[in-house]
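Q: Encoded as structure tokens, here's the structure I'll be asking about.
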Amino acid sequence: MSGLLQKYCFEITEDLEGERIDKCLALLIDSLSRSFIQKMIKEGGVTVNDAVIKGSYRVKPEDQVSFLLPPAEEPNIAAENIPLDILYEDSDVIVVNKPKGMVVHPAPGHYSGTLVNALMYHCGNELSGINGCLRPGIVHRIDMDTTGSIIACKNDRSHNSIARQLKEHSITRRYHAICHGVLHEDGTIDRPVGRHPAERKKMAVNEKNGKHAVTHYHILGHLGAYTYLECVLETGRTHQIRVHMASIGHPLLGDVLYAPGRKTPFPLQGQTLHAKILGFHHPSTNEYIEVDAPLPDYFKLLLNILS
């Protein structure tokens with residue numbers, strides 16, 4: 001469905017001084033591509049201090065940037081009879097062991113076959129509506145090629161409760177991973193994660209514009225040229241574990257985005273990362289519930305080969 005024009009207004013802060021206006025807006029609004037922003041600027045749709053500017057304009061502190069954006073047409077998302085590996089379910093929440101290759105919610109290029117399509121079939125109308133018609137029930141995400149536990153909410157009260165726990169970092173999230181190289185001791189990575197300054201599909205350790213991000217890692221075993229890890233999220237930034245491990249020179253095995261050029265003898269589909277443990281306080285009873293998603297077959301096979 002379509003709606004009214006949305007007006008965006010920003011005041012430029014000192015940390016963005018000198019950035020091109022198109023790059024600046026791409027950093028401020030993740031949902032807009034840089035090419036779309038450049039098109040808006042070229043058509044005179046972006047103003048700075050009430051004046052139309054060119055794409056080469058470099059922003060200054062206290063610049064007032066504004067533009068109008070029509071909301072995107074949202075496609076009709078259909079329920080699909082896709083089998084779900086359900087780890088826990090009641091009238092408030094459902095926890096699913098997501099398989100590799102499944103996108104969590106519909107997005108351009110992925111309007112079917114997603115976890116949302118499957119949840120709509122399984123839960124009917126019993127999904128929270130806070131995140132709109134493209135993401136009913138969805139309160140957090142894991143990457144397409146990351147497997148394991150993900151929680152969805154069946155009503156808005158539960159959604160608000162789980163979202164609050166995520167914000168307060170009180171939800172337990174333990175991942176299993178295999179990384180390149182040999183780590184000799186446990187550690188903590190406390191480095192901000194934000195959009196990559198040049199490659200929009202990537203995240204990066206970004207001291208200038210990143211958000212606070214903390215990952216703790218514990219060595220589970222050594223596998224020749226690789227290390228088997230448990231990673232515990234203290235925060236939940238996009239691609240956090242993948243970015244953090246790559247930042248210390250130990251990218252995840254199979255991660256083509258953050259370990260380009262790292263050869264692997266195994267036919268993998270993306271990174272070896274599994275959301276194994278998910279713990280939360282139940283929205284209705286406040287009882288602590290913890291679920292354990294079994295390792296997928298490909299992961300267990302790798303461990304057997306490498307051990």
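Q: Among 77, 41, 28, which residue has its Cα positioned farthest towards the positive end of the charge dipole of the chain, with +1 placed on the Cβ of Lys and Arg, -1 on the Cβ of Asp and Glu, and the dipole taken about the Cα centre?
A: 41
Q: Further question on the same structure: Using helices alone, what [θ] at 222 nm do you get for the chain, with -39,500 (n - 2.57) per DSSP H run of 4 or more residues, divided over all residues and rounded to the nearest 500?
A: It comes out at -5000 deg cm²/dmol, rounded to the nearest 500.
Q: At 0.36 nm per residue, minus the direct Cα-Cα distance, what do residue 47 and residue 133 gain on full extension? Give it in nm, one decimal, please.
A: Length difference between fully extended and current span is 27.8 nm.
Q: I need two numbers for the stretch 102-229: Rg to one decimal and Dmax as a whole number, Cα atoms only, in Å.
A: For the stretch 102-229, the Cα-based Rg and Dmax read 17.5, 50 Å.
Q: Then there's this: Roughly how many nanometres apart are two label points built 7 Å out from the Cα toward the Cβ at residue 160 and residue 266?
A: 4.4
Q: While we're on this one: Determine the gain in length on full extension of the stretch residue 90-residue 15; use 0.36 nm per residue of separation and subtract their C-alpha separation, reporting nm with one decimal.
A: Working it through step by step, the gained length comes to 22.4 nm.
Q: Sticking with this one: What ³J(HN,Hα) values, in whole Hz, does the Karplus curve 6.51 cos²θ - 1.76 cosθ + 1.60 give for the stretch 153-159 when θ = phi - 60°, with x put for Gly and Pro?
A: Ordered by residue, 3J(HN,Hα) equals 10, 9, 8, 5, 4, 5, 4 Hz.
Q: How much length, in nm to one decimal, is gained on full extension between residue 207 and residue 107, taken as 0.36 nm per residue of separation minus their Cα-Cα distance?
A: Between residue 207 and residue 107, full extension yields an extra 33.1 nm.
Q: List the residues, sorted by chain then number, that are 5 or more residues from residue 146 or on another chain and whose placed amide H is less than 5 Å from its amide H.
A: 101
Q: Can you quote the Å³ per residue value for the convex hull of the Cα atoms in the stretch 199-251, rounded to an integer?
A: 86
Q: Next up: Run the accessible area of the chain with a 1.4 Å probe and give the carbon-and-sulfur part as a rounded percent.
A: 51
Q: If you don't mind, there's one more thing I want to ask. Specify which residue in the list 218, 163, 251 is farthest towards the positive end of the charge dipole of the stretch 113-266, using unit charges on the beta carbon of Lys, Arg (+1) and Asp, Glu (-1), about the Cα centre.
A: 163
Q: First obtain the Kirkwood hydrodynamic radius of the stretch 153-208 from its Cα pairs, then insert it into the Stokes-Einstein equation at 10 °C and 1.306 mPa s, and state the resulting D in µm² per second as a whole number.
A: It comes out at roughly 105 µm²/s.
Q: On to the next question. Please compute the per residue accessible area over the chain with all protein chains in place, 1.4 Å probe, rounded to a whole number of Å².
A: For the chain, the per-residue accessible area is 50 Å².
Q: Can you give the convex hull volume per residue for the Cα atoms of the stretch 196-307, as a whole number of Å³?
A: It comes to 142 Å³ per residue, whole-number rounded.
Q: State to the nearest 20 debye the size of the charge dipole of the chain about its Cα centre, where the only charges are +1 on K and R beta carbons and -1 on D and E beta carbons.
A: 880
Q: Still on this model: Can you tell me the mean projection area, over all orientations, of the convex hull of the chain's alpha carbons? Units nm², please.
A: Approximately 17.3 nm², given one-decimal rounding.
Q: Relative to the compact globular guide of 2.2 N^0.38 Å, what is the alpha carbon radius of gyration of the stretch 50-124, as a ratio?
A: The value comes to 1.81.
Q: What is the calculated FRET efficiency for residue 121 to residue 199, with r their C-beta to C-beta distance and R₀ = 30 Å, to the nearest 0.05?
A: Calculated value: 0.25.
The values are calculated or read from the model by the stated rules, or taken from the named source; none is laboratory data. Treat the numbers as computed from the prediction; the structure is a model and nothing was measured. Neighbour counts are summed over all protein chains in view; Cβ atoms, including those assigned to glycine, are modelled from backbone coordinates with ideal geometry. We work out accessible area using only protein heavy atoms, side chains counted, and drop any ligands, DNA or RNA first. Shrake-Rupley method; radii C 1.70, N 1.55, O 1.52, S 1.80 Å.
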